[in-house]
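Input: a single structure, listed below in structure tokens.
The values are calculated or read from the model by the stated rules, or taken from the named source; none is laboratory data. All values reported here derive from a predicted model rather than from experimental measurement. Using ideal geometry, Cβ is built from the backbone for each residue, glycine included, and neighbour counts are taken over all protein chains shown. These area figures cover heavy atoms from the full protein model, side chains too; ligands, DNA and RNA do not enter into them. Shrake-Rupley method; radii C 1.70, N 1.55, O 1.52, S 1.80 Å.
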Amino acid sequence: MASIASLGTGSGLDLEGIVTKFMSVEKLPLTALNKREASYQARISSLGSLKGALASLQTAASALTPAIGQTATAKFSTYQASIADSTIASVSASSSAVAGSYTLEVTALATTQTQSLKNIYGASEQVIDPSGGSTLTLTKGSGASATSVDITLDSTKTTLADLRDAINKASAGVSAVIVTDTNSKQHLQLTATDTGIANSVTLSGVKFAAPADPAGGSALDASAAFDIKDATDAAAKVNGISVSGSGNTLSGAVDGLTINLLKTNAGSPTTITLTRDTNTLKSSLNALVKAYNDLNSTMSSLGSYDATTKAAGALNGDATLRSAQSQVRAVFGSVPSSLSGSAYQRLSDIGISVGKTGALSIDSAKLQKALDTNFTAVANAVGAYGSSFKTTTDNLLSASGTIASRSDGLSRSVTDIGKQRDALNLRLTNIEKQYRAQFTALDSALASMQSTSGYLTQQLAGIANITNFNSNN
């Protein structure tokens, strides 16, 4: 008998459809596994959203937490510096400044030392007299703080341009340039790199040769070969007290204040004003409130349940979510131990309140009044609560925290479902093979029976024809 090429072709029955329906029943456990996996994946994703919102609160809380050894007052104390006449100086303040007003009178600006070589040479003339030595020493400053650089001059490089290049290459606190006059004669000029008397430079160790043109000068030792315009230090008076510096930036004259001198105003003092800037504290506090409210909204959405639609949030009833909600909300409701006896012990004391939905809001007027009344107490309260929120979020987000443990557990469940799915798919493949083998046998048997039935029908019809023929004859 011919083999069955396609299931059902032998019998004419829809055996393929029957196998498909049987397998759909067999696959019901696989559908259940997929549904469980989707549920686990949704929870993992939702825990990721919870972690993201907690991380934002963690970042905002970190911005409010003083560093180790730093007071809250120091962390939030920033100042704005202004000057009545900005053409005299520019000013800036650090956290160590103190609010107040200061008069500033600039009597001298710091200048750099300049030197001009007395001798004038032609471009190709030899400028160094070999009899006077070949090592040029440049000394910056004087006394115990002086520093020296020795320049060994190349005997084959003897022009003024060669000397200029050797000085500039040495980086010894002075720069050299050549000015060529209308008679093509060269003048060497030196300028100290930095302002102030302490940065003046002297030259020694060599002898300058007499120029070819007697009018250009005579042989001179390096120490006497230059016309020098001395450097000056900056000099000013702050509140009538004399201060000075080698540069035009005075950073130690007044605590926390940097003064960049621009021009003198002797006899006409200007006023510097330092005021406390509370915008940094307020913006950081606003960032904390926003991060808290975003977290509160995320947690409410994840744990929600709509009785009308019977739709539940992905973490509805989840113990991890409830624990996180409880811990975060407890921070707002608990007074940090460091605030015992403080003028402001609760965030509500400085204008931060919690609404019916759990969201925070800031009363800007109340906060500003608290800042104006007792800045230190406000800073201490903000720093303490910032530290508490940071500790709580650090614990919740740690590798050993409840959220990480819950996510790891769900991930393991997903992995286990993958293994169960693989085993079930293998079993379903074998079951389908069995069904197809059984129905193939049935299809063949039915085809054989139909063939036999057809044969018998033909034989019976033949017998009937013979009988009718005999009866008629």
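General observations
- Carbon/sulfur fraction of accessible area - the chain, other protein chains in place, 1.4 Å, %: 52 percent
- Per-residue SASA remark: LYS157, around 120 Å² accessible (1.4 Å probe; ligands, DNA and RNA not included).
- Accessible-area rank, largest first, for ARG322, ARG421: ARG322, ARG421, with all protein chains present and a 1.4 angstrom probe.
- Size estimate for the chain follows the Kirkwood approach: the inverse of mean 1/r over distinct Cα pairs works out to 33.1 Å.
- Helix-only mean residue ellipticity at 222 nm for the chain, each DSSP H run of n ≥ 4 adding -39500 (n - 2.57), per residue, nearest 500: -15500 deg cm²/dmol
- Part-to-part distance (alpha-carbon centres) for the stretch 171-204 and the stretch 348-377, which is given in Å: 63 Å
- Average accessible surface for the chain: 53 Å² per residue, computed with a 1.4 Å probe over protein heavy atoms with every protein chain in place.
- Mean Cβ count within 10 Å, highest first, over the residues of peptides 279-288, 214-223: 279-288, 214-223
- By the rule of a C-alpha distance below 19 Å, with chain neighbours fewer than 8 residues away ignored, the lysines paired with LYS369 are LYS282.
- When each of LYS35/LYS310; LYS207/LYS263; LYS21/LYS310; LYS51/LYS366; LYS366/LYS390; LYS118/LYS169 is checked by Cα-Cα distance, pairs over 28 Å: LYS207/LYS263; LYS21/LYS310; LYS51/LYS366
- Hydrophobic long helices, here whole DSSP H runs in the chain with Kyte-Doolittle means of at least -1.0 and Cα atoms spread over 30 Å or more along the helix axis, are found at 28-62, 279-302, 375-397, 402-472.
- Structural descriptor for the chain: relative contact order 24 percent, calculated from alpha carbon pairs under 8 angstrom and at least 6 residues apart.
- Evaluated at q = 0.11 Å⁻¹, a Debye calculation over the C-alpha positions of the stretch 163-313 (equal weights, vacuum) places log10 I(q)/I(0) at -0.74.
- Charge tally in the Cβ shell below 13 Å around LYS433, where Lys, Arg are +1 and Asp, Glu are -1, LYS433 excluded: 0
- Rounded, prolate or oblate (a/c below 1.5 giving rounded, otherwise prolate when a/b exceeds b/c) for the stretch 242-358 by Cα gyration tensor: prolate
- Of the residues ILE151, ILE178, ILE18, the one with the largest accessible area comes first in the ranking ILE18, ILE178, ILE151, computed with a 1.4 Å probe on protein heavy atoms.
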